[in-house]
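The values are calculated or read from the model by the stated rules, or taken from the named source; none is laboratory data. Since the structure is predicted, the reported quantities are computational estimates derived from the model, not experimental observations. Note that each Cβ is placed from the backbone with ideal geometry, even for glycine, and that neighbours are counted across all protein chains shown.
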Amino acid sequence: MSADYTAMWQELGLDLEAHDGLLTVLGAAYRDIYLSQQNRPEAMAYFDFCVSGIHGLRIKELMEAQAEGRKVVGSFCLYVPEEIILAAKGISVGLCAGADLGTGQSGRLLPNNTCALIRSFVDFKLAKVCPYFEASDLVIGETTCDGKKKAYEILGELHNTFVLEVPHTKSASARALWRSEIGRLVGRVKELSGVTITAEGLAEGIRIVNAKRAALQRLARLRAAEPAPISGRDALLINQIQFYDDPVRFTESVHALCDELDGRVAEGEGVAPSSAPRVLVSGCPMAAPNWKVPFLVERNGGVIVGEESCVGERGTRNEVAEGGSSCEKMLDAIAERYLQIDCAVFTPNEERIGHIIEMARDLNADGVLQYVIQFCTPYSMETHRVEEAMRQEGLPLLKLETDYSMEDAGALETRIQAFLEMLTARSER
């Protein structure tokens, strides 16, 4: 970062020494994992710029918006409708939850068998190193799993927090509950912002978020080309940045990248040889800066062609139906769209299994890597169903259960190498 944002971070109440240490570590990791890649698309320069300013320039933008009376709303999950926040002239941002800080501060509040994502966001808050946390006027949580549900009780003692109840079935009564929760959220956002949510505001919010999803869908389709025109690491990074960047600016930048990738596909140009094993990653979300597994896959000759993940196609697959004639009809459409998300917390969850098969076929995947964060019960238990479906589909599957630390990187790399070698041998038969 060229500008000095120390005064801004101090105003937010960050622990400056710890924050400087975090930026140093992440900067080095970014150089090694991303900037070291060969033959990257030129349009990735914008996303590199986003990362360079993720704790600086973007936070400055948020604080300037707050000075104009706008509210910043932080969240961790796809079930928080950005459309509603935009309709109240607010700004939706993702919160830090993808790194092992090594501080262990969450250990005094959470049990040892808590998943890395929950430990991470509590650590980030306690350590005061996430400017998005400190800049958020409100954090919206959701009851997607028992661990997060109880962690939000703790977070509520540390930050202004509102929790949405997400049903775990898609029955008629569950849909009615979810629709009522959407209404409750509208009331809380109105109370926070002082802005009455109108049909015009909702229509604009829906249009903006649908456009962002359409751009990411375009990117996802391009990854079906052989050879792959973009690395899995870069595609994951883009999906991570969508939660932080201005949505309109982000959408324009994704389309600019896709224009370049169209040219690459036409010329048969790729980031890896056509013979590189094509891997679909499925499972838990990889929140920024969780880049360990994609780096290990692609460093060892594979190429990731899709993410069946909340930070991937699960979050962008469906759009909100446009054209509603009133606020209530638009909120109905928003509720319906968000309940189409096939998170592993739902039971039954046939949609997710079908989507993994569909993605593997569409992206010409040679194998599936089932990524599970340690102690994440829903995705870990659903792996059995995924394994059986892949067996019937004739696709090899590797399950990796890990956390955010680098301590197991060597062991993971050995297993990944063996998996890629097996995929290569299968393709040569």
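Before moving on, here are some points about what is shown:
- Positions within region 104-138 being more than 25 Å from LEU236 (Cβ to Cβ) and in contact (Cβ under 8 Å) with a residue 40 or more places away in the chain, in sequence order: LEU109, LEU110, ASN113, LYS128, GLU134, ASP137, LEU138
- Condition check for ALA224: among the small types (Gly, Ala, Ser), surrounded by fewer than 21 Cβ atoms within 10 Å (Cβ to Cβ), closer than 30 Å to SER380 by Cα and out of contact with any Pro (no Cβ under 7 Å at 6 or more places or on another chain): yes
- Residue identified as more than 30 Å from SER180 (Cα to Cα) and among the small types (Gly, Ala, Ser) among GLY69, GLY90, GLY94, GLY104: GLY104
- So ILE84, is it at pLDDT 95 or above and buried (at least 22 other Cβ atoms within 10 Å of the Cβ): yes
- Residue count for region 382-429 under the criterion of being touching a residue at least 24 places away in the same chain (Cβ under 8 Å) and not β-branched (Val, Ile, Thr): the result is 26.
- Annotation note: of LEU395, LEU369, the sole residue that is surrounded by 16 or more Cβ atoms within 10 Å (Cβ to Cβ), hydrophobic (A, V, I, L, M, F, W, C) and over 20 Å from the mean Cα position of the chain (by Cα) is LEU395.
- Hits in region 217-234 (condition: out of contact with any strand residue (DSSP E or B) (no Cβ under 6 Å at 6 or more places or on another chain) and part of a helix (DSSP H, G or I)): GLN217, ARG218, LEU219, ALA220, ARG221, LEU222, ARG233, ASP234
- Considering residues of region 310-350 that are hydroxyl-bearing (Ser, Thr, Tyr), modelled with pLDDT of 95 or more and closer than 19 Å to ALA87 by Cα only, the residue farthest from the chain's Cα centre (by Cα): SER326
- Scanning region 87-100 for residues that are buried (at least 22 other Cβ atoms within 10 Å of the Cβ), more than 13 Å from the chain's Cα centre (by Cα) and modelled with pLDDT under 95 yields a count of 1.
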